[in-house]
Amino acid sequence: MDIHSLKTLAELGRREEGKKLILSFLEQEEQEVALQNLGTFLILELGWNEEASLVYRKLLLKNPKNVSVLTRLALSLSYDGNYEEGLLFLDQAVEIEPHNLGVRTERGVLYLLLGRYEEGWEEYGSYRKIPSFPKPLGVRSPLWQGEDLQGKTILIPSEQGAGDAIQFIRYASFLQQKGARVLFSCHHSLLRLFSHTKGVDVLVDSRWWPPAHDVHFFLVNSPKWMGLDPAYPPCNVPYVKAPEQLLQKWKERLSPYQGIRVGIAWTGNTARVRNKFRSIDPALLKVFSDIEGYTFISLQKPKEDLSSSFPSLLDWTDELSDFADTAALISELDLIITIDTSIAHLAGAMAKPVWTLLSHSPDWRWLLNRQDSPWYPTMRLFRQKKEGDWSPVIEDVCKELRKGVGTKTFLSI
């Protein structure tokens, strides 16, 4: 298979020709390695999930009990929106290898996306038992599993991204209410933001060894240990806010700008697998400059120069050293428009109106077929109908913005 030819066809938008090329290859090729490499390329590089499914189905004909292929087929199906069918193949994989923690984790993700929380939380945490999975610094205590916390010190280690930390720090207060002294370890960029967050007694820079503690607990664990209904996360927003001393700067900076102030972010961490499919080509943002009544402010880090396509975009992101600075700027804005990244979690946790733009295959926390989020009451979701096609999503956002010219009432859910 000429991978370069496929990539060229994808860049030219000639997918049907690419599919014919793949089908021709499938008729001739029998080598499992070549087929697996093609499937991986289609999913990770092109986002051609339907075609990847064809590749994995052929591989299953050769070996129906290949757990790796069953899992990849399940992923390609779920990325294409066929979630229930994907779950069936993950069930088969778990039946063949019940102790395969990677497969159980993938099934947990799919359970959570489908809203099957009880099963999802149980399976999702399986990755922590994988021997090769990196352990947070200084965690040597037992895992807390619901026992009495009165008089105990509990460490909540940082293990995922900033967005996850912002999303789940809301649970810290429940542990404190159970009598625990709560240590919260996080990335240094979050320390100032969380400095006055309820439920945390001591903040710890995740680069350093934490103080002594009796037990540890991962907030992205099943809420059942806290006696909470896993299907209904606590929504007592706002639960984070910008430090008061940072607000005046942005009040003064933004005071000359009239109209509704909108912060935007369009790119996530593209170093992560498949994250490029939830990033928007900045050229598509040009249409925002044609909408009167708004002032647009960039929240995109690292900074991207859009002076040629979006000259009216205000960009002070080089002054944002951490999430506390970003929160201070967000405090002075009326609306946040962002892809699924940490900015969405930050705005939601601050109870700011936030429109989150989701790729066709969304992260599990956004569920399916709904425009709101159980995690953030002030959030509205705009969903991609076809993988890689952001134009209709941007059109929908523009339509809603035009409805709101001259008023802020449309910002509420």
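Just one of (1) surrounded by fewer than 20 Cβ atoms within 10 Å (Cβ to Cβ); (2) under 30 Å from ASN66 (Cα atoms); (3) of a type in the set (Val, Ile, Thr) trips up VAL103, so point out which.
(1)
What residue, of GLY39, GLY86, is in contact with a Phe, Trp or Tyr (Cβ under 8 Å, 6 or more places away or on another chain) and either crowded, with 16+ Cβ neighbours inside 10 Å or part of a helix (DSSP H, G or I) (or both)?
On the way: GLY86 fails: in contact with a Phe, Trp or Tyr (Cβ under 8 Å, 6 or more places away or on another chain).
Going through GLY39, GLY86 in turn, just one is in contact with a Phe, Trp or Tyr (Cβ under 8 Å, 6 or more places away or on another chain) and either crowded, with 16+ Cβ neighbours inside 10 Å or part of a helix (DSSP H, G or I) (or both): GLY39.
Contact list please: Cβ distance under 8 Å, first residue in region 116-129 and free of Cβ contacts under 8 Å to residues at least 24 places away in the same chain, second residue among the charged types (D, E, K, R), pairs at least six apart or on different chains.
Partner pairs satisfying both residue conditions: GLU123/ARG104; GLU123/ARG107.
Return a yes/no flag: does region 246-253 have any residue that is in a helix (DSSP H, G or I), out of contact with any His (no Cβ under 9 Å at 6 or more places or on another chain), without any contact (Cβ under 8 Å) to a residue 12 or more places away in the chain and not aliphatic (A, V, I, L, M).
Yes - at least one qualifying residue is present in region 246-253.
Out of region 1-36, which residues are more than 26 Å from the chain's Cα centre (by Cα), more than 17 Å from SER68 (Cβ to Cβ), small (Gly, Ala, Ser) and surrounded by fewer than 19 Cβ atoms within 10 Å (Cβ to Cβ)?
Passing the criteria: SER5, GLY13, SER24.
Bear in mind these aren't lab numbers, they're just calculated from the coordinates by the rules spelled out. Note that the structure is a prediction, hence the values are computed from the model and not measured. Don't worry about glycine lacking a Cβ; one is built from the backbone with ideal geometry, like all the others, and counts go over all protein chains shown.
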